[in-house]
Amino acid sequence: MTPKVVVTGIGAVTPLGATADATWQAILAGTSGVHTMDNDWAEKYGLTVDFAAQVDPQVVPEKLKRVQAKRLDPSSQFALISAREAMADAGLDETDPDRTAVAWSTGIGGVWTLLDAWDTLQTEGPRRVMPLTVPMLMPNGPAAAIGMEFKARAGVQTLVSACASSTESLGHAYDLVSSGQADVVIAGGSEAAIHPITLAAFNSMQALSRRTDSPETASRPYDVGRDGFVMGEGSGTLILETEEHAKARGAKIYAEVASWGISNDAYHITGGEPGGKFALRAMQEALDSADLTPADIKHVNAHATSTPVGDIPESVAIHELLGDHVSDALVSATKSMTGHLLGGTGAVESILTVKALQERIAPPTINIEEVDPEVHINIVRDTPSELPAGDIAAISNSFGFGGHNAVVAFKSV
């Protein structure tokens, strides 16, 4: 019999706070983490987008020693901070190294390290390039930092599938625990890619919102006036272990990880399949693998990036998945507050899904003035909505460039 897999610890660093709880409280309050950036990038590089959802710059110096921070790319800094919080939250001061694993993700990796090193090479020459440049820029840098910190010897792996990355890592963590390959898995994802080159590139493909006059309202999933996503950054960590292992040590349990699903559109490198049928396949697989029915799903944390073409296919897929029960499921689009954390988004949104089940409350979606008439799902708007008592389930969706679709299903405990 496959053992139950549960979440026993959470940690987060987001534009809304330096901890999971601070982020959750800001989410419930409907707070926007999007602001005009305090730099000269727009003027210096001629950027038409001068806003993003950034982590408070004081977080890293407050949480990491200067020497350690200097040897880590920002994506690894965020990862280590959130992992420490999650392990402490789980009460795991010590684990068996041979039974502890890391399943981590990033969508882009150490872009700041790479481009800073390039600037140094050009201006100061090769002798001034930092010796640790490659370990800092490599995509598995965050996973390696976590693995060394917590002596995880059962495997330290990095999955990269754009914006679906950390949801896939949670699925991989589920597989590691349920198959008996590890007792404890530190799972999640991080991203720190708010940089002039990424802003310019995303803007060039017309993917970013250009609401420079009102950045805090720029991310508006499902709104008829949405015009693109908002760049975000940060990290989310969830600790997964078997229910038996958790109960044996008296750990608190947030929720059960019921199963997960995965698919690929094989349609376009940046655009999802317009009908949402392969997004639907991933959702259906998550339900089928967990023996869940549409009637069980009372909450959905949607991928919903606020792009003109991206929001509709997912809403169509959710509607088709739930059928007659679509009005019973409360849909939250939390990127309206956090922005889009790319490879870190699935982990952070899974934390919010777990908290929603634990506290029986679905977060709001802010900035919706008029719902797109093509959207026919039950969106939570402006203020949180209560979830029902009893045994309920929820799903968290993530979709990434390349056609990657990943969905994790959670059950209440």
Regarding T237, is this residue polar (S, T, N, Q), in contact (Cβ under 8 Å) with a residue 60 or more places away in the chain and over 21 Å from A22 (Cβ atoms)?
no
Filter the stretch 137-155 for residues that are touching a helix residue (DSSP H, G or I) at 6+ places or on another chain (Cβ under 9 Å), open to solvent by less than 20 Å² (accessible area, probe 1.4 Å) and part of a helix (DSSP H, G or I) and give the result.
G141, P142, A143, A145, I146
Scan the stretch 85-117 residue by residue and report those that are small (G, A, S) and either open to solvent by 40 Å² or more (accessible area, probe 1.4 Å) or not in a helix (DSSP H, G or I) (or both).
A88, A90, G91, A101, A103, S105, G107, G109, G110
Which of the residues belonging to the stretch 399-413 are open to solvent by 20 Å² or more (accessible area, probe 1.4 Å) and more than 25 Å from K4 (Cβ to Cβ)?
F399, F401, G402, H404
Which residue, of V59, V7, is among the aliphatic types (A, V, I, L, M) and buried (at least 19 other Cβ atoms within 10 Å of the Cβ)?
V7
Residue count for the stretch 156-195, restricted to those that are open to solvent by 20 Å² or more (accessible area, probe 1.4 Å) and in a loop (DSSP other than H, G, I, E, B)
7
Taking the condition under 25 Å from N140 (Cα atoms), more than 16 Å from the chain's Cα centre (by Cα) and open to solvent by 20 Å² or more (accessible area, probe 1.4 Å), does K65 pass?
yes
If you check every pair at least six apart or on different chains, which have Cβ atoms under 7 Å apart with a residue in the stretch 348-362 that is over 14 Å from G390 (Cα atoms) first and a residue that is among the β-branched types (V, I, T) and not in a helix (DSSP H, G or I) second?
V348/T14; E349/T334; S350/V408; I351/I10; L352/T334; V354/V7; V354/I10; A362/V380
Number of positions in the stretch 93-141 that are in contact (Cβ under 8 Å) with a residue 60 or more places away in the chain and in contact with a Phe, Trp or Tyr (Cβ under 8 Å, 6 or more places away or on another chain):
3
When (1) under 22 Å from S82 (Cα atoms); (2) within 19 Å of the chain's Cα centre (by Cα); (3) of a type outside the set (G, A, S) are applied to I366, the one that fails is (1)
If a residue must be assigned to a helix (DSSP H, G or I) and more than 27 Å from I366 (Cβ to Cβ), how many such residues does the stretch 263-285 contain?
5
Test result for L72, within 30 Å of R153 (Cβ to Cβ), free of Cβ contacts under 8 Å to residues at least 40 places away in the same chain, in contact with a helix residue (DSSP H, G or I) (Cβ under 7 Å, 6 or more places away or on another chain) and not small (G, A, S)
no
Residues of the stretch 237-261 being surrounded by fewer than 19 Cβ atoms within 10 Å (Cβ to Cβ) and either under 23 Å from the mean Cα position of the chain (by Cα) or closer than 23 Å to F401 by Cα (or both), in sequence order, are K252, I253
Could you look through the stretch 11-41, keep only residues that are β-branched (V, I, T) and open to solvent by less than 10 Å² (accessible area, probe 1.4 Å), and pick out the one that is farthest from S306 (Cα to Cα)?
V13
When the stretch 373-398 is examined, which residues are found to be of a type outside the set (K, R), out of contact with any helix residue (DSSP H, G or I) (no Cβ under 6 Å at 6 or more places or on another chain) and open to solvent by 30 Å² or more (accessible area, probe 1.4 Å)?
P373, D382, T383, S385, E386, P388, A389, G390, D391
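The values are calculated or read from the model by the stated rules, or taken from the named source; none is laboratory data. Nothing here was measured: the structure is a model prediction, and the numbers come from that model. Note that each Cβ is placed from the backbone with ideal geometry, even for glycine, and that neighbours are counted across all protein chains shown. Keep in mind that these areas ignore ligands, DNA and RNA; they rest on the heavy atoms of the full protein, side chains included. Shrake-Rupley method; radii C 1.70, N 1.55, O 1.52, S 1.80 Å.
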